[in-house]
Amino acid sequence: MLFWEQENTLHPHPPIMTWEEMEQGQTGQPNLPDMTSVPTVAERAFLILARRWETEYKKQDSPKRLTNHMGDLALACLTLSVEWGESFSKVARTQMEINKKIVQSLSQQSWMNELPWTLCQVTNLKVPEKSSEVKELTSNLDHHKSAIRRWMLEIAWFALPWLDKKEALPQLLKNLANPILWGEESAGLAARFFEDDKSFFYFAKDFIPADEFKKQYHNRLTALERKGLLDVQSIFWQTEAICRKEIEDTVLKFCLKM
């Protein structure tokens, strides 16, 4: 055994710490790659909200479930990840995995509730837009079950910067054509890909749905143009307001403690 190998055996290097472990006063040495841009305010807010989600789940009596408030917390975390996730460290990514595994323990439809957390995880990829998680979201925008379809639309509202316009638009406009729920809301989401309402309706009028739904599609599109997109987008704007309020309150409370 070489001398330096023997010395390392007798005096092993201290464990690598995250920025959070350093703040907590644990012994070790900093994880230098993780210390270059963190902790950021966005990551701190993410951790508080993600751990609040975990706590709200764990404090329930059995059978445990995902509450509406937990859905808002998950979307708030997704918002932070989409907008600031490139700067997140291992600390945030570890919490994403914890929350994803909690959802996996549910017996029914775990994939749809895992999706916000798996989407959060793609922030460490060079091109999140090409990830299988984003493709899964896009492919389910026209899911045959209305409750799942609505959840996919809500998630997509926050993950819109990652969606491929050419792949998502046909799915969304198909919803407007088919005799199903959330058709107008799908069109409201689709409109966010365009600079203004006029550009959206110009594009939508050229979309060709299935033959049996052509008349219904154009009737709905005409009614939507008369009604205005803001009316059908209101459900998403309301959810976004709730999520951003969660983020704002968390950041302000944290800053006041500094």
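Scanning the range 118-128 for residues that are assigned to a helix (DSSP H, G or I) and either exposed (fewer than 14 other Cβ atoms within 10 Å of the Cβ) or over 13 Å from the mean Cα position of the chain (by Cα) (or both) gives a single hit, N124.
Between R226, R244, R220, the distinction of being under 21 Å from the mean Cα position of the chain (by Cα) and either farther than 30 Å from A42 by Cβ or of a type outside the set (A, V, I, L, M) (or both) belongs to R244 only. Just one of the listed residues (L66, L80) is within 17 Å of I247 (Cβ to Cβ), out of contact with any strand residue (DSSP E or B) (no Cβ under 9 Å at 6 or more places or on another chain), among the hydrophobic types (A, V, I, L, M, F, W, C) and surrounded by 14 or more Cβ atoms within 10 Å (Cβ to Cβ), namely L80.
Here A74 meets each of (1) under 23 Å from I242 (Cβ atoms); (2) surrounded by fewer than 19 Cβ atoms within 10 Å (Cβ to Cβ); (3) at pLDDT 95 or above with one exception, condition (2). Exactly one residue out of S132, S146 is among the hydroxyl-bearing types (S, T, Y) and without any contact (Cβ under 8 Å) to a residue 12 or more places away in the chain: that is S132.
Examine the range 99-113 for a residue that is surrounded by fewer than 22 Cβ atoms within 10 Å (Cβ to Cβ), within 14 Å of the chain's Cα centre (by Cα) and not in a helix (DSSP H, G or I), and state whether such a residue exists. There is no residue in the range 99-113 that is surrounded by fewer than 22 Cβ atoms within 10 Å (Cβ to Cβ), within 14 Å of the chain's Cα centre (by Cα) and not in a helix (DSSP H, G or I). Taking the range 39-63 as the range and being part of a helix (DSSP H, G or I) and either touching a strand residue (DSSP E or B) at 6+ places or on another chain (Cβ under 6 Å) or among the polar types (S, T, N, Q) (or both) as the test, only T55 passes. Candidates in the range 159-189 are the residues that are farther than 19 Å from T239 by Cα and of a type in the set (G, A, S); of these, the one that is modelled with the highest pLDDT is A168. Hey, any hits in the range 129-137 for a residue that's surrounded by fewer than 21 Cβ atoms within 10 Å (Cβ to Cβ), touching an Asp or Glu at 6+ places or on another chain (Cβ under 7 Å) and assigned to a helix (DSSP H, G or I)? For the range 129-137, residues surrounded by fewer than 21 Cβ atoms within 10 Å (Cβ to Cβ), touching an Asp or Glu at 6+ places or on another chain (Cβ under 7 Å) and assigned to a helix (DSSP H, G or I): present.
The helices (runs of 4 or more DSSP H) found entirely in the range 139-256 that carry 2 or more residues being surrounded by fewer than 17 Cβ atoms within 10 Å (Cβ to Cβ) and of a type outside the set (S, T, Y) are 146-159, 165-177, 197-204, 214-227.
The values are calculated or read from the model by the stated rules, or taken from the named source; none is laboratory data. Here the structure is a predicted model, which is why all the values come from computation and not from measurement. FYI the Cβ positions are ideal-geometry reconstructions off the backbone, even for glycines, and counts take in every protein chain you see.
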